[in-house]
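Asker: Before I ask anything, here is the structure I am working with.
The values are calculated or read from the model by the stated rules, or taken from the named source; none is laboratory data. What you see is a predicted model; the values in this text were computed from it and never measured. All Cβ positions, even for glycine, are placed from backbone atoms using ideal geometry, and neighbour counts span all protein chains on display.
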There are 2 protein chains.
Amino acid sequence: MEDHSVIGKRIPRIDGRAKVTGEAKYAADYQMPGMLWCKIARSPHAHARILNIDTSRAKRLPGVKDVLTGKDFNGWRWGWMPKTRDEEPLATERVRYLGEAVAAVAAVDEDTAEEAAELIRVEYEELPGVFDPEEAMKEGAPRLYDHVENNISWDFHMDFGDVEKGFREADLVREDRFETGRVITGYLEPPAAVALYDSSGITLWAAKQSPYFVYRHMADCFKLPLNRVRIIQPFIGGGFGGTKNDSLAGDFCTVLFSKRTGKPVKFVYTMEEVLTTCRRRHNMIVHNKMGMKKDGTITAMQSKVIADGGAHTAIGPLTMYLTGCMSTLPYNLPNFKHDAYRIYTNNPIGAAMRGHGVTHTRFAAELQMEMMAEELGIDPVEVRLKNAVTAPHETVNKVTVKSCGLVEGIQEIAANPRWKEREKTKGTDGPVVHGVGMSATSYLGGARQRGHQSCAAIVRLCEDGTLDYLTGATDCGQGSDTVLVQIIAEELGLRVEDVDIKRVDTAVTPCDAGSYGSRVTVLAGKAAQNAAREVKEQLASFAAENWEVRPEEILFKDGAVSVQGSPDLSMPFDKLAKIACYSGSGAVIIGKGYSDYGIEVLDFDKGIGNAGTSYSFTSQLTEVDVDTETGFIRCTDMVIAHDCGRPLNPINVEAQNQGAAVQGLGQALYEEFRMDRGRTLNPTLVDYKMPLAPDSPNIEVIDILTDDPGGPYGAKEASEGAIVSVPPSVFTAVHHATGIWFKEQPLTPEKVAMALKKKREQEGTDG
Amino acid sequence: MEDHSVIGKRIPRIDGRAKVTGEAKYAADYQMPGMLWCKIARSPHAHARILNIDTSRAKRLPGVKDVLTGKDFNGWRWGWMPKTRDEEPLATERVRYLGEAVAAVAAVDEDTAEEAAELIRVEYEELPGVFDPEEAMKEGAPRLYDHVENNISWDFHMDFGDVEKGFREADLVREDRFETGRVITGYLEPPAAVALYDSSGITLWAAKQSPYFVYRHMADCFKLPLNRVRIIQPFIGGGFGGTKNDSLAGDFCTVLFSKRTGKPVKFVYTMEEVLTTCRRRHNMIVHNKMGMKKDGTITAMQSKVIADGGAHTAIGPLTMYLTGCMSTLPYNLPNFKHDAYRIYTNNPIGAAMRGHGVTHTRFAAELQMEMMAEELGIDPVEVRLKNAVTAPHETVNKVTVKSCGLVEGIQEIAANPRWKEREKTKGTDGPVVHGVGMSATSYLGGARQRGHQSCAAIVRLCEDGTLDYLTGATDCGQGSDTVLVQIIAEELGLRVEDVDIKRVDTAVTPCDAGSYGSRVTVLAGKAAQNAAREVKEQLASFAAENWEVRPEEILFKDGAVSVQGSPDLSMPFDKLAKIACYSGSGAVIIGKGYSDYGIEVLDFDKGIGNAGTSYSFTSQLTEVDVDTETGFIRCTDMVIAHDCGRPLNPINVEAQNQGAAVQGLGQALYEEFRMDRGRTLNPTLVDYKMPLAPDSPNIEVIDILTDDPGGPYGAKEASEGAIVSVPPSVFTAVHHATGIWFKEQPLTPEKVAMALKKKREQEGTDG
């Protein structure tokens, strides 16, 4: 990165000041004259038929302007795919989870709206519920949708090579059942929006990761062309997939209220609404079967996933796809079979979350590989190196790896003093035992799904040499705006502060699939680079004309433009900008760029082909202290050796990896919705335990440098890898400390203490 | 136009509904939480030295948040050119016109701000003023600027051919003095803005014709890069040049208040402020000398203009340029000399207005030509046809006419029954005499000044086949948004409602010089057409691939895409859009386009070259009734034969011509600021008499069709021509009715009655 001035530098977030001073406006901060407040009335039952809704008392409350029920949406439903449209803005005939929206009110202020929502009387006929996906699959289980047999919301199957042959070739075959937990994305800004419907159509100021998803939903729901739907992006206080990557009851209701009342209408969910009704990560049961030779070579893997989908399908088909298609990385796997079932239950809806889909099956496979290596007496490093893929590589399901820092990452971990001292530091004499664990994982960057996945960018030159940059890619807190601006500044030899980026506005920014699947740096970054290059070409032609040289000889560096090899031919960038903009009748200089990946066939239904544009590789070491009395685990240290290609902003890559690691730690050790027949028992941030700063380990992030040909400046993803690698490394560390293989997330003190007690009893050491 | 589906059709304004229902938001409608109101304290003297400003009482008033005086702007000044920066946001040492801004207050509401502005005490030392430009030019006259001799704010000179030789060749040479009046642009929406200054820079929601002018002023005044200044365009209630085409004290003060208080700050000028302090059309004295042969051929013209510039230069240099450079149209003129002097006086500032600059000198030349034709016994039609230019034509100062419907227009008027009956209808026996007059004029379209004059456009395809269109060109009421959208719809074979256009926002729309000089249809229209064509090319390549034909064979028409000559190969446009956007990884389709006129040398200082991209030609007939007792003139009918190339929206061309004609009529007959030593004596719309609906004549607009190679679909300007042609046609009609040549605007009843009395006395017919 020695040639670069801006790329690869630890540049602070460009939105840091606005956020730290409180100047940054989030959706909930928006106020408009005459604005009404919307509140949602929700079902107190997990499964019930709606017999009657009486809104009369609510309507009579002074200050109430309008009330909606599901019928006002005329049967409209939405879903991720045309065939999975099973969600209504407000439920009409049936509620399928506790907290499902059934009515909405619009009133002059928040208190009145809340009071009115409580005055809505719904007559229900309770139905038997089903809350466990394995139970729900059984014959005779209550059905959420009458036509859906066995409550299978979506199933997905892969079969490559010959797993039976693979298992026959193995010296050891093992089968295990793993469980991953019910966790939520944990943003601190609740969903919120302000809607305005007027003769120009819909304007919605909404906290969305992917405004263009919402724009399609709104156009469809309100029968408007897309160019009459405008989603404007305020600042966003965290996304992480799931809720903010989809539309919500509040979005549809505020728009319809605005249409009916002519007023702007706002909603802000409470944190209790977030924790009880918003989309969460699917909890899953993973049955994994692996074959291994004596030398550690994996011969085959077969997995079966049962996911708790909750009441609606949402983005679930993609989740199911991701549980399988990424299982063929990061290790060579010649034979692979996968069956994934997403099951409807009367729980809140399972959806996407950072590390989407992959975190479940990788957790299972990674742990199982360690178990088997242990059985076969093979070192954790050795078994990984034995199976690790190297670039170039094509998996059995045609995932193509063009750059790979996996081996280097594993070696980096293995060479770390903490790993070398592993056996020495293991256990202690006291009540606290110490363990060191490892994992290696891969995650996709530049997600590719079906359909409209390219990114585009527009870069406008101002005549003083500064730039305006338009992108449809959303910074929902991950710092992508800073990285995108760096790319443009680097291309033109400018400083970050010379480039201004505006928040997404679907009416003016180029269409973009959104901020998920680690796609922004990779795809929007490529588009930004290409747009900046188009500006550069236009400017270079003016400079070349000025100096009578060829445009290819013009260099842009350090705020100046010069001729290669002729140091005397040079001028400041802003001077060239002025010359260009004021020559003749005046040029307007605009660059547009697309993420220019070729068209590759991706078979979503069969799990063939690239789910991403490139693949990151994470190798991780984790150290834990386990209190053998209480079962309490404290994670003390992590070392994350991450191959994100080239870190375009190392401070951001570090922060993203650290943040993801702590989020992964929450998942491994602390976070879990406790449920009682569809009711969330811990719907507050006091009882739903996300790790806080004192719970965070020391996290060292090591950049493993590779150069991916696809990403801008060789960049790949950073942070989804780390959330995938944390749980298995924590579990292997705990195993190292305690000798016990745990297979269920989260590793609560109760589970650990009970297991240690049982182990002591079995070993006869318990007194 | 038979081939077109959208172009050439009488399509209603796309913003009509929003405006008629009151939904359209103007700057004054903007409300923001915590917003402060700004009011300006103004000088009660036309010329005075500021000795002291005491703001203490204003500051003490409860609710006042901040007070500004000129010093807070650190000596910053602005002006149209670097060397004409003579205006301060708030005057510091001296006030030069009555009503000049000297201080400003920001308070919690409008009333408090107004009260506080009145509490500001300014100590002045009155200076002798000068209010007449001819007086101001004299040696020894009081100077407005100590270093400016003879108060000459700007002078401009042209000299082509040999006028002395031309006069020698003439059979008749005549010299006259003409006067044009003090009129204002007459928009009904007063200037207003809301400013917000935060860490992203300046955001200003402001009623501006040319937001990019203001953006440059703000960047310069507040020392910000251009990409940190965002001017957002609300709807605009009329512009017509002058005030809304420049920055105002209110703009600078609200921004500085916002910077200092952290709050949004708003100002709305009162109509009294508009009528006493805002920019108005220069009133001018035009000395004209013309030589004519017996056969009516004009041999030479020499003009001298003395313009009342008021206290500052503003856009005056361009006005002076336009008084001369356009004098060589619409008639052949081999020898031309012109001297224009813009003079500082202690009056409000003279600036641009519809028909900018041209209306004064054309009025003089057109009347004088008629006078001379009359003396030589030549018919008004004949003298015009004798001298009329035809395309292609290059004037003596290298103005190039590529299309010209002048002869056809004159013939159209001459063939009109009203003209044919002219002598029959002339005069009456009663107290009302009737007259029919004629004029012919030319105006530029697609104004070209110095510097950054190109337009650009961005057109984004939505995947449902609708489009978003970004332009920096402002519709300030003239209907240009509708025309621009028609162009894009036509190119892509769509309907107007398929294309959405957003208001200008300097942070996202392409840089554009603005809405003046009849440039929007011609230049922004060309850019729109090119951008739409780029979208078409991208889509055509998908269609061509689909049908295995060449892209050039693809047709876009009536919402469908087809292969030329293969009617079976066809699909709806929206289907192709979806195919394109969802092929492979999904295309994002964006077109950009520039107004692609070649670079031509324009010598602004010498008046050589094209001030416009094309030239319209207007031939007009006007009928009047003159009450010989009261002198009151009623204009009964107008016929306007206008060559605007191709009328892209005939209903709009008609309305623009009608509006301009009525505005021109106001100027010819009614409107005039009555001044007393710098004080405006009629600062209300009751006393400043703009024509109302009952004052409007019947106006027939006849489109003279030509095809200009420069404009989109052959279009040129519509409406500035008609404001130029009205006054001379009214004056010739009045002459026809009364036999008197009037040379001063406006033709008030007093002037007419006095002249008729004098005439009767001279003729001895008065009793």
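Asker: Which condition does B:Tyr615 not pass, out of (1) of a type outside the set (D, E, K, R); (2) within 14 Å of another protein chain (Cβ to nearest Cβ); (3) surrounded by 22 or more Cβ atoms within 10 Å (Cβ to Cβ), if it passes all the others?
Answerer: Only one criterion is unmet by B:Tyr615, namely (2).
Asker: Right, next: Tally time: how many residues in the range B:550-569 are in a strand (DSSP E or B), surrounded by 15 or more Cβ atoms within 10 Å (Cβ to Cβ) and free of Cβ contacts under 8 Å to residues at least 60 places away in the same chain? Give the steps one after another, and end with the answer.
Answerer: Pass one, the range B:550-569, residues in a strand (DSSP E or B): B:554-557, B:560-563, B:566-569.
Checking which are surrounded by 15 or more Cβ atoms within 10 Å (Cβ to Cβ) leaves us with B:554-557, B:560-563, B:569.
This time we only want the ones that are free of Cβ contacts under 8 Å to residues at least 60 places away in the same chain, so: B:554, B:562-563, B:569.
Total satisfying the criteria: 4.
Asker: Only one residue in B:Val399, B:Val432, B:Val483 is more than 25 Å from the chain's Cα centre (by Cα) and in contact (Cβ under 8 Å) with a residue 24 or more places away in the chain, so which one is that?
Answerer: On the way: B:Val399 fails: more than 25 Å from the chain's Cα centre (by Cα); B:Val483 fails: more than 25 Å from the chain's Cα centre (by Cα).
Sole residue among the options that is more than 25 Å from the chain's Cα centre (by Cα) and in contact (Cβ under 8 Å) with a residue 24 or more places away in the chain: B:Val432.
Asker: Take the conditions modelled with pLDDT of 95 or more, surrounded by fewer than 24 Cβ atoms within 10 Å (Cβ to Cβ) and in contact with a strand residue (DSSP E or B) (Cβ under 9 Å, 6 or more places away or on another chain) and apply them to A:Asp464. Does it pass?
Answerer: Values: modelled with pLDDT of 95 or more: yes; surrounded by fewer than 24 Cβ atoms within 10 Å (Cβ to Cβ): yes; in contact with a strand residue (DSSP E or B) (Cβ under 9 Å, 6 or more places away or on another chain): no.
Here the answer is no, as A:Asp464 does not meet what is asked.
Asker: Residue under question is B:Ile590, and the condition is that it be crowded, with 24+ Cβ neighbours inside 10 Å, out of contact with any His (no Cβ under 9 Å at 6 or more places or on another chain), of a type outside the set (D, E, K, R) and within 14 Å of chain A (Cβ to nearest Cβ); does it hold? Talk me through it step by step, then tell me what you get.
Answerer: Details: crowded, with 24+ Cβ neighbours inside 10 Å: yes; out of contact with any His (no Cβ under 9 Å at 6 or more places or on another chain): yes; of a type outside the set (D, E, K, R): yes; within 14 Å of chain A (Cβ to nearest Cβ): yes.
Spelling it out, B:Ile590 is indeed crowded, with 24+ Cβ neighbours inside 10 Å, out of contact with any His (no Cβ under 9 Å at 6 or more places or on another chain), of a type outside the set (D, E, K, R) and within 14 Å of chain A (Cβ to nearest Cβ).
Asker: Here is a follow-up. Report whether or not B:Val522 is among the β-branched types (Val, Ile, Thr) and either away from chain A (no Cβ under 14 Å) or surrounded by fewer than 24 Cβ atoms within 10 Å (Cβ to Cβ) (or both).
Answerer: Working: among the β-branched types (Val, Ile, Thr): yes; either away from chain A (no Cβ under 14 Å) or surrounded by fewer than 24 Cβ atoms within 10 Å (Cβ to Cβ) (or both): no.
No; evaluated as a whole, the condition is false for this residue.
Asker: Considering A:Lys606, A:Lys578, which residue is within 11 Å of chain B (Cβ to nearest Cβ) and at pLDDT 90 or above?
Answerer: Numbers: A:Lys606 fails: within 11 Å of chain B (Cβ to nearest Cβ).
So the residue among A:Lys606, A:Lys578 that is within 11 Å of chain B (Cβ to nearest Cβ) and at pLDDT 90 or above is A:Lys578.
Asker: Also, quick follow-up: Looking at A:Ala456 and the list (1) hydrophobic (A, V, I, L, M, F, W, C); (2) within 30 Å of A:Gly607 (Cβ to Cβ); (3) out of contact with any Asp or Glu (no Cβ under 6 Å at 6 or more places or on another chain); (4) more than 7 Å from every other protein chain (Cβ to nearest Cβ), which single condition is not satisfied?
Answerer: (4)
Asker: Answer yes or no: is there a residue in the range A:449-456 that is over 19 Å from the mean Cα position of the chain (by Cα) and either among the hydroxyl-bearing types (Ser, Thr, Tyr) or surrounded by 23 or more Cβ atoms within 10 Å (Cβ to Cβ) (or both).
Answerer: yes
Asker: Does any residue of the range A:284-305 turn out to be within 25 Å of A:Pro44 (Cα to Cα) and touching a strand residue (DSSP E or B) at 6+ places or on another chain (Cβ under 7 Å)? Spell out how you get there, then give the answer.
Answerer: Let us first name the residues in the range A:284-305 that are within 25 Å of A:Pro44 (Cα to Cα), namely none.
No; the residues of the range A:284-305 include none that is within 25 Å of A:Pro44 (Cα to Cα) and touching a strand residue (DSSP E or B) at 6+ places or on another chain (Cβ under 7 Å).
Asker: Scanning for something out of contact with any Pro (no Cβ under 6 Å at 6 or more places or on another chain) and not in a helix (DSSP H, G or I), does the range B:540-547 turn up at least one residue? Reasoning before the result, please.
Answerer: Step one: list which residues in the range B:540-547 are out of contact with any Pro (no Cβ under 6 Å at 6 or more places or on another chain), which gives B:542-543, B:545-547.
Next, from what is left, pick out any that are not in a helix (DSSP H, G or I): none.
So far as the range B:540-547 goes, no, none of its residues is out of contact with any Pro (no Cβ under 6 Å at 6 or more places or on another chain) and not in a helix (DSSP H, G or I).
Asker: Every residue in the range B:97-119 that is in a strand (DSSP E or B) and of a type outside the set (Val, Ile, Thr), please.
Answerer: Once the filter is applied, which keeps residues that are in a strand (DSSP E or B) and of a type outside the set (Val, Ile, Thr), the range B:97-119 yields B:Ala101, B:Ala103, B:Ala104, B:Ala106, B:Ala107.
Asker: Condition (residue is of a type in the set (Val, Ile, Thr), assigned to a helix (DSSP H, G or I) and either in contact with a Gly (Cβ under 8 Å, 6 or more places away or on another chain) or over 28 Å from A:Ile315 (Cβ atoms) (or both)) applied to the range A:369-382: is it met by at least one residue? Steps first, answer last, please.
Answerer: At the first step, the residues of the range A:369-382 found to be of a type in the set (Val, Ile, Thr) are A:378, A:381.
If we keep only those that are assigned to a helix (DSSP H, G or I) too, we end up with A:381.
Still in the list and also either in contact with a Gly (Cβ under 8 Å, 6 or more places away or on another chain) or over 28 Å from A:Ile315 (Cβ atoms) (or both): A:381.
Looking through the range A:369-382, at least one residue is of a type in the set (Val, Ile, Thr), assigned to a helix (DSSP H, G or I) and either in contact with a Gly (Cβ under 8 Å, 6 or more places away or on another chain) or over 28 Å from A:Ile315 (Cβ atoms) (or both).
Asker: Does the range B:131-150 contain any residue that is part of a loop (DSSP other than H, G, I, E, B), out of contact with any Leu (no Cβ under 9 Å at 6 or more places or on another chain), at pLDDT below 95 and under 29 Å from B:Gly666 (Cβ atoms)?
Answerer: Within the range B:131-150 (the criterion being part of a loop (DSSP other than H, G, I, E, B), out of contact with any Leu (no Cβ under 9 Å at 6 or more places or on another chain), at pLDDT below 95 and under 29 Å from B:Gly666 (Cβ atoms)), the answer is no, since none of the residues qualifies.
Asker: Which residues, taken from the range A:67-99, are more than 28 Å from A:Val130 (Cα to Cα) and surrounded by 22 or more Cβ atoms within 10 Å (Cβ to Cβ)? Don't jump to the end; show me each part of the working.
Answerer: The initial filter retains those residues of the range A:67-99 that are more than 28 Å from A:Val130 (Cα to Cα), namely A:67-68, A:72, A:74.
Selection gives A:Val67, A:Leu68.
Asker: Checking A:Glu374 against (1) over 30 Å from A:Arg519 (Cβ atoms); (2) in contact with a strand residue (DSSP E or B) (Cβ under 9 Å, 6 or more places away or on another chain), which single condition isn't satisfied?
Answerer: Tallying (1) over 30 Å from A:Arg519 (Cβ atoms); (2) in contact with a strand residue (DSSP E or B) (Cβ under 9 Å, 6 or more places away or on another chain), A:Glu374 fails exactly one: (2).
Asker: Select, from B:Thr425, B:Thr441, the only residue that is closer than 27 Å to B:Pro392 by Cα, in contact with a Gly (Cβ under 9 Å, 6 or more places away or on another chain) and either touching a residue at least 60 places away in the same chain (Cβ under 8 Å) or away from chain A (no Cβ under 14 Å) (or both).
Answerer: B:Thr441
Asker: Same structure again: From the set of residues in the range A:191-213 that are of a type in the set (S, T, N, Q) and in contact (Cβ under 8 Å) with a residue 60 or more places away in the chain, which is farthest from B:Thr466 (Cα to Cα)?
Answerer: The first filter runs over the range A:191-213 and keeps only residues of a type in the set (S, T, N, Q), leaving A:199-200, A:203, A:209-210.
Now restrict to residues that are in contact (Cβ under 8 Å) with a residue 60 or more places away in the chain: A:209-210.
On the way: A:Gln209: 23, A:Ser210: 20 Å.
Here the residue is A:Gln209.
Asker: Take B:Asp574 and decide whether it is in a helix (DSSP H, G or I), surrounded by fewer than 22 Cβ atoms within 10 Å (Cβ to Cβ) and either assigned by TED's automatic domain parsing to the domain that holds B:Gly435 or not small (Gly, Ala, Ser) (or both). Break it down into steps so the answer makes sense when it comes.
Answerer: Working: in a helix (DSSP H, G or I): yes; surrounded by fewer than 22 Cβ atoms within 10 Å (Cβ to Cβ): yes; either assigned by TED's automatic domain parsing to the domain that holds B:Gly435 or not small (Gly, Ala, Ser) (or both): yes.
Yes.
Asker: Then there's this: Considering each of B:Glu744, B:Glu750 in turn, give the residue that is acidic (Asp, Glu) and touching a strand residue (DSSP E or B) at 6+ places or on another chain (Cβ under 6 Å). First the steps, then the outcome.
Answerer: Details: B:Glu750 fails: touching a strand residue (DSSP E or B) at 6+ places or on another chain (Cβ under 6 Å).
Only one candidate qualifies: B:Glu744.
Asker: If I ask for residues that are in contact with a Pro (Cβ under 7 Å, 6 or more places away or on another chain), among the polar types (S, T, N, Q) and not in a strand (DSSP E or B), which ones from the range A:627-656 would you list?
Answerer: Residues satisfying the conditions are A:Thr628, A:Thr630.
Asker: Right, next: Any idea which of (1) in the same structural domain as B:Met320 (by TED's automatic domain parsing); (2) out of contact with any Cys (no Cβ under 6 Å at 6 or more places or on another chain) is the one B:Ala611 doesn't satisfy?
Answerer: Failed condition: (2).
Asker: Against the conditions (1) closer than 18 Å to A:Val535 by Cα; (2) in a strand (DSSP E or B), where does A:Glu623 fall short? Just the number, please.
Answerer: The single condition A:Glu623 does not satisfy is (1).
Asker: Which numbered condition in (1) at positive phi; (2) surrounded by 24 or more Cβ atoms within 10 Å (Cβ to Cβ) is the only one that A:Gly296 fails?
Answerer: Only one criterion in (1) at positive phi; (2) surrounded by 24 or more Cβ atoms within 10 Å (Cβ to Cβ) is unmet by A:Gly296, namely (2).
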